[in-house]
Amino acid sequence: MNGSGCNYAVCGGLALELFLGRETRGHGDIDICVFRNERDKIILYMQSMGRDIYEMLGGGMCHKITDINRQIKLKRNVFCVCGECAVLRLKPAYGDDMFFIDINETDSPDKNFIELLFDDESAECFIYAKNDKIQRQRDKAIPSRGGIPYLSPEPVLMYKSTDTAREVNRTDFETYGRQIEAVAG
């Protein structure tokens, strides 16, 4: 990611582990927050690194981005994969570069599945993508550990709390909520 020239932060479960300073569970993917104004730049960078890029459309559908000028941009996330990927299963759907998608959220040893999540920013603040009235100072929203920038626990857990149908989100919210409260308290 350092070679991309983009501002980024590890997010999701790995960000919670960076905050706590220890590994607590396996991960099927790597979640990275990038600001929306750098979407094209990071997609082009990931493609230059040999990754295929798929944008989520909802309803179990995704679109493979083969041309940066032909994006649909319905959702705030894209998936980046390189070669075979145990986490992602695609089945061709109607239309060019359209696929039905199935994601296996189990721990994956190859770590070749990266999810890019696009958020907004102002000069001073990280802006929560689901409600632009929720903002946090950038230096508090994106600390670092060992030179790795990560999204702070509050926005990570806020995102996870909006999708409790996913077991990993419920587990992280319940587990980390208590641990982070103790560390931050």
Next item on the list: Excluding residues on the same chain fewer than 8 positions from Lys73, give the aspartates and glutamates whose Cα lies under 15 Å from its Cα.
Entry: Glu38, Asp40, Glu55, Asp97, Glu115, Asp119, Asp120
Check: Which value, in Å² and to the nearest 10, is the accessible area of Met49 when all protein chains are kept and the probe is 1.4 Å?
Finding: 110 Å²
Next item on the list: For Glu124 and Thr171, compute 0.36 nm times the residue count separating them, minus their Cα-Cα distance, and round to one decimal in nm.
Entry: 13.7 nm
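With every protein chain kept in place and ligands, DNA and RNA left out, what is the accessible area per residue of the chain? Probe 1.4 Å, answer in Å². Present the calculation step by step, with values, prior to reporting the outcome.
Numbers: 9720 Å² over 185 residues.
On a per-residue basis, the chain sits at 53 Å².
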Item checked: For Thr24, solvent-accessible area (1.4 Å; no DNA, RNA or ligand), Å² -> 60 Å²
Check: For Asn104 and Asp132, what is the calculated FRET efficiency with R₀ set at 22 Å and r taken between the beta-carbons, to the nearest 0.05?
Finding: 0.10
Next item on the list: Could you calculate the contour length gain from Ala86 to Arg145, that is, 0.36 nm times the residue separation minus the distance between their Cα atoms, to one decimal place in nm?
Entry: 18.4 nm
Item checked: the chain: Cys lacking any partner C-beta under 4.7 angstrom -> Cys6, Cys62, Cys80, Cys82, Cys85, Cys125
Check: Roughly how much of Lys64 is accessible, in Å² to the nearest 10, using a 1.4 Å probe?
Finding: 50 Å²
Check: Do the sum for the chain: with -39,500 (n - 2.57) for every DSSP H run of n ≥ 4, divided by all residues, what is the mean residue ellipticity at 222 nm, to the nearest 500 deg cm²/dmol?
Finding: -8000 deg cm²/dmol
Next item on the list: Compare Phe100, Phe35 by solvent-accessible area with a 1.4 Å probe and give them largest first, with all protein chains kept in place.
Entry: Phe100, Phe35
Item checked: the chain - percent of accessible surface contributed by carbon and sulfur, probe 1.4 Å -> 49 percent
Next item on the list: Just tell me which lysines come within less than 20 Å, Cα to Cα, of Lys133; anything on the same chain fewer than 8 places away is out.
Entry: Lys75, Lys160
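The values are calculated or read from the model by the stated rules, or taken from the named source; none is laboratory data. Source: prediction; values computed, not measured. FYI the Cβ positions are ideal-geometry reconstructions off the backbone, even for glycines, and counts take in every protein chain you see. Each accessible area value is taken on the protein alone, full model and side chains, heavy atoms only, with ligands, DNA and RNA left out. Shrake-Rupley method; radii C 1.70, N 1.55, O 1.52, S 1.80 Å.
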